[in-house]
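The values are calculated or read from the model by the stated rules, or taken from the named source; none is laboratory data. Being a predicted model, the structure only gives us computed values, none of them experimental. With ideal geometry, Cβ positions are generated from the backbone for all residues, glycine too; neighbour counts draw on all protein chains shown. For accessibility, only protein heavy atoms count, side chains too; no ligands or nucleic acids. Shrake-Rupley method; radii C 1.70, N 1.55, O 1.52, S 1.80 Å.
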Amino acid sequence: MYETVNEARIIYLFESIQRGTMRAAADALGIAPSAVSRQIALLEQELAIPLIERHTRGVKPTEAGRLLLEYFREQRSHQDDLLSQLQELRGLRRGTVRIALGEGFVSDLMAGPLTKLGANYSDISIVLDVAGTNEVMRRVCEDEAEIGLIMNPPPDSKIVSRKISKQPILAIVGPDFPLLGKKGPLKIADFLSYPLALNHPTFGLRQILQLVEQTEKIRLTPHLTTNSFYILRQYVKLQLGVTFLPAFVVRSELEAGELFAIPIQQPILQNAEAHLITRTGRKLSIGANKMLQYMASGMSSLQ
């Protein structure tokens, strides 16, 4: 019966699962694939339980493997917390803040926080990755990102919302759209006969619209499906049809009179929310704490 875990060997398991294959893990670690396989086998022998399942396309963790990976991520997170606290005691203001967020948040919302952090903490670097809601949540849960920013995340005990901002979803249209100026309130069914552009289902906005479809018993059939908010904006600017977005995503275009927003009488759309998230129990670094404060302040300004 084992009494300790050989933590030095867990990195081989972690890299193999993260990268999908032992060969990819070996390339990342700069060693032979046989060495990776041997270290994982020794770890399984020590713990007396299988940790991976081999498939034609690579490896996946067993339930025991998932527990070990979660332990590894926790330990790495604690180490980051310790280093951050030691830096604070030494008066240092360096480090890296990793943020994952939906593309729609990048322009207007991030401009202020990035500027403030750069001015006050110039030695802190930022890694900013754009992803869909599901991927942002995964990165935050697995400590690949300290902070996430998404629309209407599904309930998850591993995630805590540090700031919530109500952001109604509106119909975004061009200046010649037939329903523009029509006396409301308009319902989402009023837009079904017009060409529609939407995100992929991995995006929070699309998931909100799918819930609306179920509630209203309607079907939204997009003419265009994309992972790019820029393409959604261009689609409407070219007056090819309509899309559904919060106002902040197209704020500059609305202010310039290039696009127009039409409110929709639908409770789910009216109560959509932006969530600033972190992993439950995660102690943020100095830089991440400051960035979190700046981002929360930026969300308040959008309400």
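Could you go through region 193-203 and let me know if any residue there is open to solvent by 10 Å² or more (accessible area, probe 1.4 Å), within 24 Å of residue 130 (Cα to Cα), part of a loop (DSSP other than H, G, I, E, B) and in contact with a Lys or Arg (Cβ under 7 Å, 6 or more places away or on another chain).
Yes, region 193-203 contains a residue that is open to solvent by 10 Å² or more (accessible area, probe 1.4 Å), within 24 Å of residue 130 (Cα to Cα), part of a loop (DSSP other than H, G, I, E, B) and in contact with a Lys or Arg (Cβ under 7 Å, 6 or more places away or on another chain).
All but one of (1) closer than 19 Å to residue 144 by Cβ; (2) free of Cβ contacts under 8 Å to residues at least 24 places away in the same chain hold for residue 35; state the number of the condition that does not hold.
Status for residue 35: all satisfied but (1).
May I ask you to say which residue of 220, 211 is farther than 19 Å from residue 131 by Cα, surrounded by fewer than 16 Cβ atoms within 10 Å (Cβ to Cβ) and in contact with a helix residue (DSSP H, G or I) (Cβ under 7 Å, 6 or more places away or on another chain)? Can you show your working first?
Numbers: 220 fails: surrounded by fewer than 16 Cβ atoms within 10 Å (Cβ to Cβ).
Going through 220, 211 in turn, the sole match is 211.
Could you give me the residue pairs with C-beta distances under 6 Å whose first residue belongs to region 163-174 and is in contact (Cβ under 8 Å) with a residue 40 or more places away in the chain, whose second residue is hydroxyl-bearing (Ser, Thr, Tyr) and open to solvent by less than 50 Å² (accessible area, probe 1.4 Å) wherever it lies, and which are 6+ apart or on separate chains?
172/243
Would you pick out the residues in region 152-185 that are within 21 Å of residue 270 (Cβ to Cβ), among the aliphatic types (A, V, I, L, M) and touching a strand residue (DSSP E or B) at 6+ places or on another chain (Cβ under 6 Å)? Full working, then the answer.
Kept after step one, since they are within 21 Å of residue 270 (Cβ to Cβ), are these residues of region 152-185: 152-155, 161, 163-173, 177, 179-185.
Adding the requirement that they be among the aliphatic types (A, V, I, L, M) leaves 164, 169-173, 179-180.
Correct list: 164, 169, 170, 171, 172, 173, 180.
Mind telling me which of the residues 277, 286 ends up being β-branched (Val, Ile, Thr) and more than 24 Å from residue 206 (Cβ to Cβ)?
Details: 277 fails: more than 24 Å from residue 206 (Cβ to Cβ).
Answer to the selection: 286.
Can we say residue 274 is of a type in the set (Gly, Ala, Ser) and within 13 Å of residue 173 (Cα to Cα)? First the steps, then the outcome.
Values: of a type in the set (Gly, Ala, Ser): yes; within 13 Å of residue 173 (Cα to Cα): no.
The answer is no for residue 274.
If you take the residues in region 45-67 that are of a type in the set (S, T, N, Q) and either assigned to a helix (DSSP H, G or I) or open to solvent by less than 40 Å² (accessible area, probe 1.4 Å) (or both), which one is modelled with the lowest pLDDT? Lay out the reasoning, then the answer.
As a first pass, look at region 45-67 and keep what is of a type in the set (S, T, N, Q): 45, 56, 62.
Add one more test, that the residue is either assigned to a helix (DSSP H, G or I) or open to solvent by less than 40 Å² (accessible area, probe 1.4 Å) (or both), and what stays is 45, 62.
On the way: 45: 85, 62: 89.
Selected residue: 45.
Residue 157: among the hydroxyl-bearing types (Ser, Thr, Tyr) and closer than 19 Å to residue 279 by Cα, yes or no? Before you say what the answer is, go through the steps one by one.
Numbers: among the hydroxyl-bearing types (Ser, Thr, Tyr): yes; closer than 19 Å to residue 279 by Cα: yes.
Yes: the conditions hold for residue 157.
For region 77-97, which residues satisfy the criterion of being at pLDDT 75 or above and exposed (fewer than 14 other Cβ atoms within 10 Å of the Cβ)?
Going through region 77-97, the residues at pLDDT 75 or above turn out to be 95-97.
Selection gives 96 alone.
Could you tell me which of the residues 254, 240, 245 is in contact (Cβ under 8 Å) with a residue 24 or more places away in the chain, touching a strand residue (DSSP E or B) at 6+ places or on another chain (Cβ under 8 Å) and surrounded by fewer than 21 Cβ atoms within 10 Å (Cβ to Cβ)?
Values: 254 fails: in contact (Cβ under 8 Å) with a residue 24 or more places away in the chain; 245 fails: surrounded by fewer than 21 Cβ atoms within 10 Å (Cβ to Cβ).
When all the criteria are applied, what remains is 240.
Go through region 12-33 and count every residue that is small (Gly, Ala, Ser) and touching a Gly at 6+ places or on another chain (Cβ under 9 Å).
Residues of region 12-33 small (Gly, Ala, Ser): 16, 20, 24-26, 28, 30, 32.
Next, from what is left, pick out any that are touching a Gly at 6+ places or on another chain (Cβ under 9 Å): 16, 20, 24.
Number satisfying all stated conditions: 3.
Please report, ordered by residue number, the strands (runs of 3 or more DSSP E) entirely within region 210-303 with at least 2 residues that are out of contact with any Ser or Thr (no Cβ under 9 Å at 6 or more places or on another chain) and of a type in the set (A, V, I, L, M, F, W, C). So that I can check it myself, show each step before the final result.
Numbers: elements: 224-226, 243-246, 260-262, 273-279.
Counting at least 2 such residues, we get 243-246, 260-262.
Among the residues in region 28-44, are any among the hydrophobic types (A, V, I, L, M, F, W, C), open to solvent by 70 Å² or more (accessible area, probe 1.4 Å), modelled with pLDDT of 80 or more and in a helix (DSSP H, G or I)? Please lay out each step first, then the result.
First, pick out the residues of region 28-44 that are among the hydrophobic types (A, V, I, L, M, F, W, C): 28-29, 31-32, 35-36, 40-43.
Still in the list and also open to solvent by 70 Å² or more (accessible area, probe 1.4 Å): none.
No, every residue in region 28-44 fails to be among the hydrophobic types (A, V, I, L, M, F, W, C), open to solvent by 70 Å² or more (accessible area, probe 1.4 Å), modelled with pLDDT of 80 or more and in a helix (DSSP H, G or I).
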